[in-house]
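All remarks here apply to the structure that follows.
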Amino acid sequence: MARTTIRRGPGKRLVDGKSFRLADEVRHIQRRAARYDGRVVTIGQLVLFSTETGDAWLLDPSDQLAARLAHNGEPEQIYIEETDITFAIGWKGHYRIEGSAFVYLDRDSRRVTTTLGYPTHKLNQID
C-alpha cells in the first residue's frame with residue numbers, strides 16, 4: 001500500500017495513501033492561519049505553510065506554482081479535486097523567493113505582490 005509522508009512541525013507522521021486527503025491538510029493549515037500560528041507542512045512535492053500574520057499558502061516548488069489559502073486569518077477558496085490515488089489543484093499563480101522576499105504573480109490579474117516576513121529560509125531548504 002502506498003504511503004505518503006507528511007511532516008508537520010519538527011516531527012513526521014506517516015499516513016496511508018488511501019486515508020490522506022489534501023483538502024483535510026488545506027483546512028488544517030487554514031485553521032493554523034486563523035490562529036496566527038506559523039507552520040510549514042510538506043506532503044510529497046507540495047508545501048503548505050501558515051504565518052503569524054494569518055496568511056497561508058499551498059506551493060508546488062518544482063513548478064513554482066502557488067495558491068493562497070488564507071489572508072489575514074480568513075480562509076480563501078481553492079479548487080481541489082481528489083480521488084483515492086490522485087488529486088488536481090486549481091493553481092492561482094506562480095511564486096519565487098528572492099532572499100527574504102516571497103514574490104507572488106497572480107495568474108488572472110497579473111498582479112505581483114512581494115511579502116516580507118514569510119518563512120523563506122525554510123521554504124528554500126525544501127527540495
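The values are calculated or read from the model by the stated rules, or taken from the named source; none is laboratory data. This structure is a prediction, so every number in the text was calculated from the model and none was measured. Methodologically, a virtual Cβ is constructed for each residue, glycine included, from the backbone with ideal geometry; neighbour enumeration extends over all protein chains shown. Only protein heavy atoms, including side chains, enter the accessible area calculation; ligands, DNA and RNA are left aside. Shrake-Rupley method; radii C 1.70, N 1.55, O 1.52, S 1.80 Å.
Details
- Within segment 108-127, the set of residues being within 22 Å of residue 41 (Cβ to Cβ), open to solvent by 30 Å² or more (accessible area, probe 1.4 Å), not aliphatic (A, V, I, L, M) and not in a strand (DSSP E or B) comprises 117, 121, 122, 124, 125, 127.
- Filtered by the rule that a residue be closer than 13 Å to residue 59 by Cα, outside any strand (DSSP E or B) and either open to solvent by 40 Å² or more (accessible area, probe 1.4 Å) or hydrophobic (A, V, I, L, M, F, W, C) (or both), segment 83-107 gives 91, 92.
- Residue satisfying all of: in segment 30-75; over 19 Å from residue 113 (Cα atoms), under 11 Å from the mean Cα position of the chain (by Cα) and among the polar types (S, T, N, Q); most open to solvent (accessible area, probe 1.4 Å) among these: 45
- Out of 9, 44, sole residue that is touching a strand residue (DSSP E or B) at 6+ places or on another chain (Cβ under 9 Å), modelled with pLDDT of 50 or more and not charged (D, E, K, R): 44
- Enumeration of residues in segment 80-127 that are under 26 Å from residue 21 (Cβ atoms), of a type in the set (Phe, Trp, Tyr) and modelled with pLDDT of 95 or more: 91, 95, 104, 118
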